[in-house]
Amino acid sequence: MRGWIVPPPKASAKSAAEFERERHAKVRALEAQGLLKSARIKMALLEVPREEFIPREYRDYAYEEVPLPLPGANATISCPHSYPLFYEPLGLARGHRFLEIGTGSGYGAAVAREVVGDEGLVVSIEIDPLTHDFARRNLERMGYADVQLVLGDGGLGYAPAAPYDRVAFTAACGSFPAPVLAQVKIGGRAIAPLIEDDRQILTLLTKEACGERREKICPVLYVALRGAYGAEALF
Ligand code: SAH
């Protein structure tokens with residue numbers, strides 16, 4: 001992955017108690033940094049054991065601020081801080097219908113499922129069959145079988161479960177793909193790393209009755225979107 005150094009694979013030696021301590025310490029650090037504010041997102045981050053979504057040989061790095069490789073082409077689990085970084089500006093909340101583009105490990109979908117609760121819905125699309133399969137096994141094992149997983153091109157969204165209150169792209173795009181925006185409710189929001197020249201800027205879009213509002217949040221670094229709206233040639 002461009003710009004990130006992947007730590008060396010190694011046998012996992014940490015106990016469940018150690019992982020739990022690290023999870024609590026990470027949540028405290030995210031709060032201290034001002035990235036994590038909402039009680040519900042905090043609860044979700046404490047609830048989901050991130051180490052269970054990581055291949056065994058990278059498991060001990062679960063709470064370090066580095067994306068880690070997953071089965072599939074170029075797939076990674078994003079850094080721990082990415083989740084509040086995306087979900088706080090989205091205002092992800094109980095009852096939302098949420099679409100994730102780029103399932104990766106399934107961790108982001110599990111955290112979102114904890115936030116939206118039983119009244120909400122999480123749909124997550126992954127383009128790589130190996131990655132999709134890895135996520136499906138993780139989510140089923142951890143009790144998130146009601147997350148709706150789709151194998152396909154997230155640039156096209158997923159019309160059967162539309163409209164959505166909130167959408168997160170976890171891969172970098174040239175622009176917000178039109179088919180996905182068409183599946184967002186009026187007043188709904190989408191967030192994506194957008195490629196601008198040689199940078200990516202995390203951008204929040206709010207869909208309004210006539211038009212849209214955009215807000216740039218900060219520079220980020222994600223794998224490029226593949227598929228019909230693929231951005232691999234751009235980044
Ligand atoms: N949210 C994930 C991180 C995903 S990394 C997690 O929590 O682990 C980005 C993912 O987007 C990769 O798995 C990649 O295969 C996937 N991807 C890339 N282009 C895609 C597309 N057009 N549709 C769906 N998934 C895509």
Just a yes or no: is a residue in region 177-190 part of a strand (DSSP E or B), at pLDDT 95 or above and on the phi > 0 side of the Ramachandran plot? yes
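Yes or no, residue by residue, for (1) in a helix (DSSP H, G or I); (2) crowded, with 23+ Cβ neighbours inside 10 Å:
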position: Val122; (1), (2): no, yes
position: Leu130; (1), (2): yes, no
position: Asp133; (1), (2): yes, no
position: Arg137; (1), (2): yes, no
position: Asp146; (1), (2): no, no
position: Arg166; (1), (2): no, yes
Among the residues of region 155-164, the number that are part of a loop (DSSP other than H, G, I, E, B) and either at pLDDT below 95 or not hydroxyl-bearing (Ser, Thr, Tyr) (or both) is 3
If only one of Glu126, Glu215, Glu208, Glu196 is open to solvent by less than 70 Å² (accessible area, probe 1.4 Å) and more than 29 Å from Val6 (Cβ to Cβ), which one is it? Glu208
Is region 163-182 home to any residue that is closer than 17 Å to Ala93 by Cα and charged (D, E, K, R)? yes
Yes/no for Val184 being within 16 Å of the ligand (Cβ to nearest atom), under 23 Å from Gly106 (Cβ atoms), buried (at least 19 other Cβ atoms within 10 Å of the Cβ) and among the aliphatic types (A, V, I, L, M): no
Top-ranked residue in region 81-106 [being in a loop (DSSP other than H, G, I, E, B) and more than 10 Å from the ligand (Cβ to nearest atom); ranked as most open to solvent (accessible area, probe 1.4 Å)]: Arg94
Which residues, counting only those in region 22-39, are surrounded by 15 or more Cβ atoms within 10 Å (Cβ to Cβ) and in contact (Cβ under 8 Å) with a residue 12 or more places away in the chain? Glu22, Arg23, Lys26, Val27, Leu30, Leu35, Leu36, Ser38
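The values are calculated or read from the model by the stated rules, or taken from the named source; none is laboratory data. On a predicted model such as this, the values are computed, not experimentally measured, just so you know. Because the Cβ atoms are built from the backbone with ideal geometry, glycine has one as well, and the counts that use them run over all protein chains shown. Quick note on the areas: whole protein, heavy atoms, side chains included, nothing else; ligands and nucleic acids left out. Shrake-Rupley method; radii C 1.70, N 1.55, O 1.52, S 1.80 Å.
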